[in-house]
Amino acid sequence: MSDPLIVVSGDGHVAAPPEHYAQYLEQQYKPLVIDLIRENVEYLQNFTVATRPSPEVLEVFDRRNLARSGGEFGSFDIDVRLQQMDAEGIAAEILHPATQCATLPFFFVVNKPRSPEIRAAGQRAYHRWLADFMSRSNGRLFGIAEPGPCLDMDATIAELRWCADNGYRGVFLPGATADPDLPPLTDPYFEPFWDACDELGLVLEVHAGWGQSQERTWQIFDMIKKFMAEHAGDPTIRSEQIGEALNMGEGARLALDLGPRRAMWQLMLGGVFDRHPNLKLALVEVRADWVPPTLTQLDARCDRGDVRLSMKPSEYYRQNVIVTPSSPHRCEVEMRHELGIDQFLFGQDFPHWEGTWPNTLDWIGVAFADVPETEARKLLGENAIDVYRLDRAHLATVAAAIGPNPSVLADHPVDAALLADFNRRSRIQAAPDPVDLDAVDRAFGEDLALVPAR
C-alpha cells in the first residue's frame, strides 16, 4: 500500500488576543495594550460575530464537532492547533496573520489606523509571539513575516534577519498594509529588501487583502456587520457574495483582485527577477484561474515591442512564481499543467470559515478526484516542502501517523449536502472566473510608466 499523503497547507492563519502580545511589546508601547483590547472587542463584534456560520450551516459541515468544540482557537492555542492538524491530516502549515478569533497588534490591515512607529512595534511583538508559538509545534508550523512600514530600510533588514534566524520561511511584499509614503515596488529603493530576501532564502508573498489600507478595511467591516444583520439566519449567504451585496461597485471589486495580481508583474517590470532569479513569489489565496489568460495578455503586450524585458512574463512566471489557491476549486486543479505542476500548492486556510477546514479530506476528495497520485503528492505537499525548505523526512514521519490514504484521490464519495456547502462556502465546482483583460492591460501600462529608466 502507498505511503500516506504528506499534506502541507500553504495558507494557515494565526492571531492571538491582545494580552498575549503584551509581554513582547517594548516597555514604552505596553500602555497601548488597553487600546488594543478595546479594538479587539469591536473587531469581534463587527466581524467575527457577523460572519460566523449559523447553527444550521454548522450542522451540515461540522459533523466531527471540530468547529463547535472550539477548534478555531487553534488560532493561538498550540495544543488545539496540533489537534486540529492531526484530525485534518495536515502535516505542516505556512502561517499568515489574521483570523476571526482576534485582531493583531497594530500593524495589519485589520487594525485601526496607526503611525508607522506603532505599527513597527506591533510587528516586532507579533514576530516574537509567533516564533514562540512555532517553537512548540515539533517542526510543523512555519511563519510568514510582516515587512513592517519599510520606511527605515536598515531596521527592516535587521528584522528580516531576526525572522530568518527564528524559523520564518517567507515575508509579505512591502506595502502589505498600504502606506502613501512608500514608493512603488518597481522603485530601486527596495533593492536592499530583495537582496536580503535572496540571501536569507525567504519566499516573497502576496496574500488576499495585500495593499489595502487600515481605514478601508474598517469601512468594509462596518458594511459586513450591517449586511449580515440584514440577512440574519440566512444559511445561503457565502463570503463571496458579500462584496456584491455591499454595493462596493465594480471598480472597488476589481481593485481588490488586481492589487495582489499586479504585484507579480511589478516585480517583473522592476527587474527584480532578473537580478534575483532564485527569488520565489507566492500568490496566496488570490485564486489561480486568472493566471493563464493574464500571462497570455502580458506576453502579447510585450510582443508588440513597447516593453523591454529580458524574458516574457510567462517565462518569469515559470522561473519565479508559485500559486496557492486556498480552498482550491476543481477547475484550478484541472488547470494544474497550465499553472505548473511544480508551482501549485494546496491551501487549507485554517481557521477561516471559507476554507477547507473542518472537511479537508472531503475537499481533497472532490477537488483532486482522479488526479494521478504522483501529481497529487506534488500539489498537496511536496511542492511546499521544496519551496519553503521544509524537512521532508520529518514530515513523512508525521504523515505516517496522521496523513490521508491516497485512496482519497480515487474513491471518496461526498454527500450532496456537504458538496452544496462546499459550493456555498468557496465555489469548489465553479467554472473559471472571467478576467477583465482590458483592466489588466491598463494596470500594466500604469505600472510600466512608473519604472525608472534602466
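Please treat every number below as a calculation from the coordinates, not as lab data. Since this is a predicted model, take the numbers as computed values, not measurements. Every residue, glycine as well, gets a Cβ built from its backbone with ideal geometry; the counts of neighbours run over all protein chains shown.
Within 15 Å, Cβ to Cβ, of residue 2, how many net charges do the neighbouring residues add up to if Lys/Arg are +1 and Asp/Glu are -1?
Charge balance in the 15 Å sphere: -3.
Under the shape rule built on the C-alpha gyration tensor, where the axes satisfy a ≥ b ≥ c, the range 28-168 is oblate, since a/c reaches at least 1.5 while a/b does not exceed b/c. With the charge dipole of the chain set up from +1 on Lys and Arg Cβ and -1 on Asp and Glu Cβ about the Cα centre, the Cα lying farthest toward the positive end among the listed residues 188, 120, 145 is that of 120. Charging the Cβ of each Asp and Glu at -1 and of each Lys and Arg at +1, and nothing else, the dipole of the range 261-348 about its Cα centre rounds to 220 debye.
Over the range 385-454, the Kirkwood radius and the radius of gyration, each from Cα atoms, give a ratio Rg/Rh of 1.23. Using a 7 Å offset from Cα along Cα-Cβ at residue 30, what residues in the range 119-161 end up with backbone N under 18 Å from the label point? Answer for the range 119-161: 121-126, 128-129.
Taking the centroid of alpha carbons for each part, the range 24-103 and the range 282-334 are 32 Å apart. About its Cα centre, the chain has a charge dipole of approximately 340 debye under the convention of +1 per Lys or Arg Cβ and -1 per Asp or Glu Cβ, with nothing else charged.
Modelled spin-label separation between residue 299 and residue 341, with each label point placed 7 Å from Cα along the Cα-to-Cβ direction: 1.9 nm.
For residue 326, neighbours were defined as the other residues whose beta-carbon sits under 11 Å from its Cβ, and their charges (Lys and Arg +1, Asp and Glu -1) total -4. In this rough spin-label picture, where each label sits 7 Å from Cα along the Cβ direction, the residue 178-residue 153 distance is 2.5 nm.
Given 54, 73, 95, which one lies farthest toward the positive end of the charge dipole of the chain, if we put +1 on the Cβ of every Lys and Arg and -1 on the Cβ of every Asp and Glu? Working it through, the farthest residue towards the positive pole turns out to be 73.
What is the range 317-395 by shape, rounded, prolate or oblate, if you read a ≥ b ≥ c off the alpha carbon gyration tensor as root eigenvalues and call it rounded for a/c under 1.5, prolate for a/b larger than b/c, and oblate otherwise? Walk me through the numbers on the way to the answer.
Values: a/c = 1.45, a/b = 1.19, b/c = 1.22.
Rounded, because the longest to shortest axis ratio a/c is under 1.5.
Loop-located GluC sites (Glu not before Pro) in the range 1-94 (DSSP state not H, G, I, E or B) with no more than 12 neighbouring Cβ atoms inside 10 Å: 26.
Under the definition of Cα pairs under 8 Å and six or more residues apart, what whole-number percent is the relative contact order of the chain?
Values: 778 pairs, mean separation 104.2, N = 454.
Worked out over the chain, it gives 23 percent.
Report summary: the helix-based calculation at 222 nm, which adds -39500 (n - 2.57) for every DSSP H run with n ≥ 4 and divides by the residues of the chain, gives -13000 deg cm²/dmol.
Give, as a single signed number, the net charge of other residues whose beta carbon lies under 15 Å from the beta carbon of residue 162, with Lys and Arg counted +1 and Asp and Glu -1. Present the calculation step by step, with values, prior to reporting the outcome.
Working: positive: 124, 128, 161, 169; negative: 26, 132, 146, 152, 154, 159, 165, 199.
My count for the surroundings of residue 162 gives -4.
With a ≥ b ≥ c taken as the square roots of the eigenvalues of the C-alpha gyration tensor of the chain, please select rounded if a/c is under 1.5 and otherwise prolate if a/b is larger than b/c or oblate if it is not? Since a/c stays below 1.5, the shape of the chain is classed as rounded. Think of the chain as having a plus end and a minus end, set by charges on the Cβ of Lys, Arg, Asp and Glu; of 219, 23, 171, 23 sits farthest toward the positive end of this dipole.
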